[in-house]
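Peer 1: Below: one structure in structure tokens.
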Amino acid sequence: MRIVKNGDVHVSVPIGMSKSQVERFIEEHADWIAKARQNTSERQQRRMAFFQQLPLQTTAQKASALRRLMTMVAPMIERHAKEMGVSPKRITARAMISRWGMCNVKTGSICLSYYLLLLPEWCVEHVVVHELCHLLEPSHSARFHALMDRYFPRWREARRETRKISL
Ligand SMILES: [Zn+2]
């Protein structure tokens, strides 16, 4: 049994279990469900509050965010791309909350989230190196992790820190 994002309860039951058995099971776990729902909604509120620190409603706000983000990442991209022997074709930014960056391996373009501005610089750098690594290895394979070990040895720590901050 688990709580999904919108607060719904999803229950997986063995084949053959009757509807009343399922209902009883849910009733017996009412307290757990209430508590889990509460936790989920609190976590979502914290996440919302985190992202709202960077307002992106107006064109001016977006332009300012883009400028600040590019100022921060340009030197990182230049340095790491050179070291790794890759050359991204295009760097863009979007207001993404579900991921920090994306890499289109085919076109060689990297898209970064404006919200990286809310992270410490070394966490941003970890995202930058992660996306650059995709130009060498598209999937999150063992080879990918070996590349991360080589080009950003503290990547695990940075990933942990990033998750902690934004949750
Ligand atoms: Zn990735």
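The values are calculated or read from the model by the stated rules, or taken from the named source; none is laboratory data. Nothing here was measured: the structure is a model prediction, and the numbers come from that model. All Cβ positions, glycine included, derive from the backbone under ideal geometry; neighbour counts span all protein chains shown. Ligands, DNA and RNA are stripped out before the accessible areas are found, and what is left, the full protein with its side chains, is counted by its heavy atoms. Shrake-Rupley method; radii C 1.70, N 1.55, O 1.52, S 1.80 Å.
Peer 1: How much accessible surface does ARG163 have with a 1.4 Å probe, in Å² rounded to 10?
Peer 2: Rounded to the nearest 10, that gives 140 Å².
Peer 1: Another question about this same structure. Rounded to a whole number, what % of the accessible area of region 15-54 do carbon and sulfur atoms account for, probe 1.4 Å?
Peer 2: Working: 1700 of 3270 Å².
Solvent-exposed carbon and sulfur of region 15-54 make up 52 percent of the total.
Peer 1: State the antiparallel share, in %, of DSSP beta bridges confined to the chain, rounding to the nearest 5. Write down the numbers at each step before the final one.
Peer 2: Numbers: 6 of 11 bridges.
Around 55 percent antiparallel, to the nearest 5.
Peer 1: For region 41-147, what relative contact order do you get, as a whole percent, if you take Cα pairs closer than 8 Å and at least 6 residues apart?
Peer 2: Working: 111 pairs, mean separation 26.6, N = 107.
Averaging sequence separation for qualifying contacts and normalising by length gives 25 percent for region 41-147.
Peer 1: Right, next: Over the C-alpha atoms of region 56-95, what are the Rg and the largest Cα-to-Cα span, Dmax, in Å?
Peer 2: When restricted to the Cα atoms of region 56-95, Rg and Dmax are 12.3, 38 Å.
Peer 1: If we count every other residue with Cβ under 11 angstrom of VAL128's Cβ, Lys/Arg +1 and Asp/Glu -1, where does the sum land?
Peer 2: Here the charged neighbours net out to -3.
Peer 1: Amide H of ARG94 versus every other amide H placed in the peptide plane: which residues, excluding those fewer than 5 positions away on the same chain, fall under 5 Å?
Peer 2: LEU112, SER113, TYR114
Peer 1: Right, something else. Charges at C-beta only: +1 for Lys and Arg, -1 for Asp and Glu. How large is the resulting dipole of region 25-167 about its Cα centre, in Debye rounded to 20?
Peer 2: 380 debye
Peer 1: Largest first, what is the accessible-area ranking of THR59, THR40 with a 1.4 Å probe?
Peer 2: Details: THR59 115, THR40 15 Å².
Result, largest first: THR59, THR40.
Peer 1: Using a 1.4 Å probe and counting only protein heavy atoms, arrange LYS62, LYS164 so the residue with the most accessible area comes first. Numbers along the way, then the final one.
Peer 2: Working: LYS62 85, LYS164 145 Å².
Result of the area sort, largest leading: LYS164, LYS62.
Peer 1: Something else now. At q = 0.27 Å⁻¹, what is the base-10 log of I(q)/I(0) for region 119-160 according to the Debye formula with one equal point scatterer per Cα and no solvent? Please give it to two decimals.
Peer 2: -0.91
Peer 1: Arrange the residues SER41, SER20, SER166, SER98 by how much accessible surface each exposes, largest first, with a 1.4 angstrom probe.
Peer 2: Numbers: SER41 50, SER20 70, SER166 10, SER98 105 Å².
Ranked list, largest accessible area first: SER98, SER20, SER41, SER166.
Peer 1: If you don't mind, another one. Using Stokes-Einstein with the Kirkwood hydrodynamic radius over Cα pairs, what translational diffusion coefficient do you get for region 25-167 at 20 °C and a viscosity of 1.002 mPa s, in µm²/s rounded to a whole number? Don't jump to the answer; show the numbers that get you there.
Peer 2: Numbers: Rh = 16.7 Å.
Translational D for this selection: 128 µm²/s.
Peer 1: Can you give the helix-only mean residue ellipticity at 222 nm for the chain, where every DSSP H stretch with n ≥ 4 adds -39500 (n - 2.57) and the sum goes over all residues, rounded to the nearest 500 deg cm²/dmol? Please list the in-between numbers first.
Peer 2: Working: 6 runs with 94 residues, N = 167.
Value at 222 nm, helices only: -18500 deg cm²/dmol.
Peer 1: In addition: With a 1.4 Å probe and every protein chain left in place, work out the accessible area per residue of region 114-167 in Å², rounded to a whole number.
Peer 2: Numbers: 2740 Å² over 54 residues.
Heavy-atom SASA per residue in region 114-167 reads 51 Å².
Peer 1: Right, another one. Given a 1.4 Å probe, how much area per residue of region 12-77 is accessible, in Å²? Let's see the in-between values first.
Peer 2: Values: 4930 Å² over 66 residues.
Counting only protein heavy atoms, the per-residue value for region 12-77 is 75 Å².
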